[in-house]
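The values are calculated or read from the model by the stated rules, or taken from the named source; none is laboratory data. Everything numeric here is computed off the predicted structure, so don't read it as measured data. Virtual Cβ from ideal backbone geometry, glycine too; neighbours counted across all protein chains shown. For accessibility, only protein heavy atoms count, side chains too; no ligands or nucleic acids. Shrake-Rupley method; radii C 1.70, N 1.55, O 1.52, S 1.80 Å.
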Amino acid sequence: MRLPNWVRLPGRTVRVRLTVLYVLLFLFSGALLLVIASGVTVHSSAMVTGPKAPRQPGQPGARTHRLQSPAAPLQPRAAHLLGQDQLGHVLFISSLIALAIMTIVSAALGWLVAGRALRPVRQMTAAAQRISEDNLHERLAVAGPRDELKELGDTIDGLLARLEGAFNAQRRFVANASHELRTPLTTMRASLDVALAKPEPVPPQTVALAGRLRAELDKVDTLLEAFLVLARAQHHHLPSYTALPLDYAVGAALADQAAAIHARNLTVQDTSGPGGAWVTGSQALLSRLVENVIGNAVCHNADGGWIRITTQTDGHRASLVVENGGQVLDQRQVAELAQPFRRLGADRTGSAQGSGLGLSIVAAIAEAHGGTLDLQAREGGGLRVCVELPSAAARPSAAEAGVPA
């Protein structure tokens with residue numbers, strides 16, 4: 001039977017289970033005590049009202065006893081038995097009422113005792129929920145005797161210490177990787193420029209090889225930049241916050257992709273709502289998010305295909321929806337595209353372009369800004385990408401947001 005909506009039952013927490021256990025134990029022991037007490041009462045009544053020993057002949061009153069009617073001495077005895085039965089019944093009912101009252105009292109006391117016993121667990125849970133990547137230096141620091149709860153708190157503190165060390169190491173890598181890895185790339189580019197800038201004629205083979213090497217260096221540089229952006233987004237490393245309209249970021253991304261859109265003869269439909277969808281966060285990362293979503297729609301599309309872009313605000317959420325046509329995709333594979341280096345391969349568009357980091361960067365940037373990424377395979381073919389972000393509390397002017405009018 002389904003309970004009405006106004007009935008709120010507590011969840012199956014440890015506190016509820018302990019309280020129920022206390023009540024069941026009390027109810028069992030109380031019922032057993034009631035049965036024993038009732039049995040003793042009945043036995044005592046039977047002993048008191050049992051048949052009396054017959055008088056021997058010659059004792060006083062023996063003759064009178066024979067002359068009386070047999071039913072005469074049974075009337076007081078029956079009344080006495082009836083009184084004993086009523087007394088036992090009243091005693092039984094009173095015991096049941098007392099048991100019910102004490103069951104309720106034991107439930108309340110069990111609830112309080114269970115809450116008292118589980119208070120350290122609730123404190124550890126609240127402290128663990130407060131501790132995030134930004135304050136891993138905090139510890140639970142459970143006080144009290146050296147018991148199981150103290151050992152649990154110390155174990156969690158040790159785990160937090162190891163996590164803090166791991167996150168610090170990753171932050172140091174992100175800080176040093178840009179300089180350490182880009183320096184060799186810059187040196188290799190400079191060497192190519194020097195080799196091609198010599199006065200004597202350069203062989204055509206050398207020029208072709210230099211062009212291929214420069215193209216590969218550009219790919220490595222792009223991949224390195226994607227790694228760094230992904231690492232910063234996953235660590236919620238947002239250097240500055242500013243207000244940004246998503247429609248402006250869409251316009252900038254479409255301008256950067258204009259050559260590729262024209263080369264593939266794609267039709268772009270921008271159905272953004274009036275006023276734009278304003279969000280707050282890192283302008284560089286949010287712009288990169290929009291660039292990756294639109295670049296993914298351009299890159300993984302069919303020649304002569306279409307792209308539909310929508311930005312809007314619904315309550316406290318701003319959304320960017322980018323849809324593109326193409327072949328019918330498997331939703332199970334599409335759901336994994338937010339993971340690094342996950343691609344659908346050449347079967348998707350006839351090519352294996354991209355590094356497999358574009359949508360994973362989008363997912364990391366959205367999560368860093370308190371948003372979500374949803375990927376859906378369209379029934380008619382193609383992909384639907386929806387990014388939801390918290391909308392800005394107020395929409396500043398274009399000059400205040402640093403956006404050209």
*Gap in Å between the Cα centre of the range 134-196 and the Cα centre of the range 245-313?*
34
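In whole percent, what relative contact order does the range 119-167 give with Cα contacts below 8 Å and a gap of six or more residues?
Numbers: 34 pairs, mean separation 18.2, N = 49.
The normalised contact order for the range 119-167 reaches 37 percent.
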*Rounded if a/c is under 1.5, else prolate if a/b is larger than b/c, else oblate: which is the range 278-317, with a ≥ b ≥ c the root eigenvalues of its Cα gyration tensor?*
oblate
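Taking 60 Å as R0, compute the FRET efficiency from the Cβ-Cβ separation of Ala177 and Leu21 and round it to 0.05. The partial results should precede the final answer.
Values: r = 55 Å, r/R0 = 0.92.
That pair, Ala177 with Leu21, gives E of 0.60.
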*Separation between the Ile104 and Gln129 pseudo-spin-labels, each 7 Å from Cα along Cα→Cβ, expressed in nm?*
3.2
*Please identify every one of the GluC sites (Glu not before Pro) in the range 95-169 that sits in a loop by DSSP and has no more than 15 other beta carbons within 10 Å of its own beta carbon.*
Glu138
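Which net charge results when you count Lys and Arg as +1 and Asp and Glu as -1 among the other residues whose beta-carbon is under 14 Å from that of Asn176?
Values: positive: Arg171, Arg172, Arg182, Arg232; negative: Glu180.
Neighbour charge sum, excluding Asn176 itself: +3.
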*Once you put a point 7 Å from the Cα of Leu34 and another 7 Å from the Cα of Ala117, both along the Cβ direction, what distance in nm separates them?*
2.5
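Probe radius 1.4 Å, ligands and nucleic acids left out: which of Val105, Val113 has the largest accessible area, and how do the rest follow? Mind dumping the intermediate values first?
On the way: Val105 60, Val113 80 Å².
Most to least solvent-accessible, the answer reads Val113, Val105.
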*Rank by packing, highest mean first: peptides 22-32, 203-213, with packing defined as the count of other Cβ atoms within 10 Å averaged across residues.*
22-32, 203-213
*When a/c is below 1.5 the answer is rounded, else prolate if a/b is larger than b/c, else oblate, so apply that to the range 210-320 with a ≥ b ≥ c taken from the square roots of the Cα gyration tensor eigenvalues.*
oblate
